[in-house]
Amino acid sequence: MREARALAALRSAVARGMTEKFGQGPWSACPSKVEVVRQLRASHVLVARQGTELLGTVRLVRALPWAIDSSSFTPVTKPWYVLGLAVAPQYRGKGVGRELMEAAKNTACSRGAHALWLDAYEPPAGAGPFYLKCGFRMVGRTAQGDVPLSLYEWLVER
């Protein structure tokens with residue numbers, strides 16, 4: 001449970017940083033320890049560490065094409081969805097996020113996934129250019145309520 005507390009603290013620090021930079025938005029939500037425990041049970045969580053310090057995290061879940069509008073994505077049998085990429089503010093721009101995304105790709109490949117799908121907030125708060133640098137391609141746009149999102153995918157080479 002110490003891990004859940006540390007992950008909640010990291011994601012809360014990221015949420016506060018995003019709010020300071022971009023104002024109040026959906027990125028402002030700070031997860032509770034209970035929510036993080038639930039996510040640990042329901043997804044594959046990757047973490048980046050330096051010694052005992054938690055630098056960043058990302059989650060992977062099996063994408064359920066019938067549960068989301070998957071029409072913009074390439075149809076594949078086993079897609080996974082990338083959620084909650086968070087890098088501690090003091091480590092942003094130092095390659096931690098890129099390492100986590102490479103680990104996500106490797107995990108997807110080793111577990112038989114055919115693609116990684118994700119959504120990102122539109123600029124200025126969004127990380128679209130980062131995902132493009134990580135080898136994802138933009139495949140469409142959507143919205144969550146009144147929040148515009150860009151959709152990205154990375155296809156596993158077969």
Among the numbered criteria (1) under 18 Å from the mean Cα position of the chain (by Cα); (2) of a type in the set (D, E, K, R); (3) within 21 Å of GLU99 (Cβ to Cβ), which single criterion is violated by GLU35?
(3)
Being more than 24 Å from THR19 (Cα to Cα), in contact (Cβ under 8 Å) with a residue 24 or more places away in the chain and touching a His at 6+ places or on another chain (Cβ under 6 Å), is that true of even one residue in the stretch 138-158?
yes
Only one of (1) within 17 Å of ALA63 (Cβ to Cβ); (2) without any contact (Cβ under 8 Å) to a residue 24 or more places away in the chain is not met by LEU132, so which one is it?
(1)
Residue ID - farthest from HIS114 (Cα to Cα), chosen from residues in the stretch 137-147 that are surrounded by 13 or more Cβ atoms within 10 Å (Cβ to Cβ) and not hydrophobic (A, V, I, L, M, F, W, C):
THR142
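Examine the stretch 112-126 for a residue that is in a helix (DSSP H, G or I), closer than 18 Å to TRP27 by Cβ and more than 11 Å from the chain's Cα centre (by Cα), and state whether such a residue exists.
Filtering the stretch 112-126 down to residues in a helix (DSSP H, G or I) leaves none.
No, there is no match, as no residue in the stretch 112-126 is in a helix (DSSP H, G or I), closer than 18 Å to TRP27 by Cβ and more than 11 Å from the chain's Cα centre (by Cα).
Could you pull out the residue among LEU100, LEU149 that is under 16 Å from VAL58 (Cα atoms) and under 14 Å from the mean Cα position of the chain (by Cα)?
Numbers: LEU149 fails: under 16 Å from VAL58 (Cα atoms).
One residue alone meets the criteria, LEU100.
Taking the condition of being in a loop (DSSP other than H, G, I, E, B) and more than 14 Å from PHE73 (Cβ to Cβ), how many residues in the stretch 127-158 meet it?
Just the residues of the stretch 127-158 that are in a loop (DSSP other than H, G, I, E, B), to begin with: 127, 134-136, 145-146, 156-158.
Filter once more, so that each one left must be more than 14 Å from PHE73 (Cβ to Cβ): 127, 134-135, 145-146, 157-158.
Within the stretch 127-158, residues that are in a loop (DSSP other than H, G, I, E, B) and more than 14 Å from PHE73 (Cβ to Cβ) number 7.
Read-outs: derived from the displayed coordinates by stated rules, not from any lab. In this text the structure is predicted, and so the values were computed from the model without any measurement. Every residue, glycine as well, gets a Cβ built from its backbone with ideal geometry; the counts of neighbours run over all protein chains shown.
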